[in-house]
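The values are calculated or read from the model by the stated rules, or taken from the named source; none is laboratory data. For clarity, every value in this text was computed on a predicted model and none was experimentally measured. Backbone-built Cβ (ideal geometry, glycine too); neighbour counts: all protein chains shown.
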């Protein structure tokens, strides 16, 4: 999702290459064939570019739990190998990471906070950060949850509420979501300014899924009494994957990139209007 949006947005002002696992990718010189596997990555020749933006990820907690070897390679080993190749060629490297590298036990997590990852996903993203930052001229952009044109969770809530059905929503699991357009814009700013090091962005503030569902009900002029607050663990989420908070301190992105993110309430309202 992010990679496709970046290509679309940057193609007007940059010569953008993308990678694909499809064999037909060779028909378009701007699409390079790359299956993210050990042999392919180690032999991959990065073209003459200014930046490599690594968007590939196994991003779901459950997906990483079910296939930890795949998660480790795509989230940690492959970006480290590619960053090392980029370093040899004098090319800057941007790795998209996650707030899950932290314990998510407090609001506005500081950029220099010690790694204390949530689940296998968070551990592998932290390993990816360490590997990439060990290479010269590399950058890490930590992201909260990114929402594209819609959020199926909110769409499903809205449909259930319109039908008069109750909705169960976590009251102990919070998010600080970002809109895809905002993420693409900050990536553009970061590479235009040739910034390296760690940056992180999230919405301003945190909102539990119960609070989100209640806001959806309010938007639809439906009684919030249809919303049932439940614990994430009661619905099968492993305790180590419950994100009690998700927001990060965005001061560096604001001061060095001039970026202003939105309050979490504004993001949810924007999604509800779609």
**Study point:** Matching residues, region 241-268, being assigned to a helix (DSSP H, G or I) and crowded, with 22+ Cβ neighbours inside 10 Å
**Key:** 253, 264, 267, 268
Point to revise | Residues of region 219-240 classified as outside any loop (DSSP other than H, G, I, E, B) and either surrounded by fewer than 20 Cβ atoms within 10 Å (Cβ to Cβ) or modelled with pLDDT under 95 (or both), total | key: 12
Revision key, fill the gap. Per the filter on region 109-136, residues in contact (Cβ under 8 Å) with a residue 24 or more places away in the chain, assigned to a loop (DSSP other than H, G, I, E, B) and buried (at least 16 other Cβ atoms within 10 Å of the Cβ) are 111, 118, 135
Point to revise | Verdict on residue 91 being surrounded by fewer than 20 Cβ atoms within 10 Å (Cβ to Cβ), in contact (Cβ under 8 Å) with a residue 40 or more places away in the chain and more than 24 Å from residue 250 (Cα to Cα) | key: yes
Revision key, fill the gap. Turns out the helices (runs of 4 or more DSSP H) fully within region 1-76 with at least 2 residues that are surrounded by 15 or more Cβ atoms within 10 Å (Cβ to Cβ) and either modelled with pLDDT under 85 or within 17 Å of the chain's Cα centre (by Cα) (or both) are 2-10, 61-66, 68-72
Review point. Among the candidates 189, 198, which residue alone is within 20 Å of residue 55 (Cβ to Cβ) and either free of Cβ contacts under 8 Å to residues at least 40 places away in the same chain or part of a strand (DSSP E or B) (or both)?
Key: 198
Exercise for review: Go through region 221-250 and give me each residue that's under 26 Å from residue 112 (Cα atoms) and touching a residue at least 12 places away in the same chain (Cβ under 8 Å).
Suggested key: 240, 241, 242, 243, 244, 245, 246, 247, 248, 249, 250
